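Undergrad: Here it is, the structure, as structure tokens.
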Amino acid sequence: ILAAMIAYLLLRIAARESRLVMPAIRFAGLVAASLFTRKQLAEIDRPPKVNPSAARPRVSPDQMSFCYV
């Protein structure tokens with residue numbers, strides 16, 4: 001129960017600091033859905049910026065790359 005209370009308080013603090021106006025359950029769902037991607041909290045409820053005519057990178061910017069010599 002203590003871990004759930006801490007998680008709830010951290011989510012409420014993050015929502016208040018980013019000045020988002022949405023229900024707590026919606027904010028928690030969006031955070032859970034984008035947990036492993038780099039995204040600003042203010043842009044968490046917006047769809048990703050996609051330009052279909054632009055070339056897609058070969059690797060994800062969120063993935064670490066190794067340089068072999």
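Undergrad: Of the residues Ala14, Ala54, Ala28, which exhibits the maximal mean-square fluctuation in a Gaussian network model of the chain defined by a 10 Å Cα contact cut-off?
TA: Of Ala14, Ala54, Ala28, the most mobile in the Gaussian network model is Ala54.
Undergrad: Another question, if that's okay. What does the charge count near Leu9 come to, summing +1 for each Lys or Arg and -1 for each Asp or Glu among other residues with Cβ under 14 Å from its Cβ?
TA: Summing Lys and Arg as +1 and Asp and Glu as -1 gives +1.
Undergrad: Taking each pair of different alpha-carbon atoms in the stretch 1-40 once, compute 1/r for the pair, average those values, and report the inverse of that mean as the Kirkwood hydrodynamic radius in Å to one decimal.
TA: 10.7
Undergrad: Express the accessible area of the stretch 1-40 per residue in Å², computed with a 1.4 Å probe while the remaining protein chains stay in the model.
TA: Per residue, the stretch 1-40 has an accessible area of 87 Å².
Undergrad: Also, quick follow-up: To check my understanding: the extent here is largest minus smallest coordinate of the Cα atoms along each principal axis. What are those three numbers for the chain, in Å, largest first?
TA: Result for the chain: principal-axis Cα extents of 48, 32, 17 Å.
The values are calculated or read from the model by the stated rules, or taken from the named source; none is laboratory data. Here the structure is a predicted model, which is why all the values come from computation and not from measurement. Neighbour counts run over all protein chains shown; Cβ positions are idealised from the backbone, glycine included. Just so you know, the surface numbers come from the protein's heavy atoms only, side chains and all, with ligands and any DNA or RNA stripped out. Shrake-Rupley method; radii C 1.70, N 1.55, O 1.52, S 1.80 Å.
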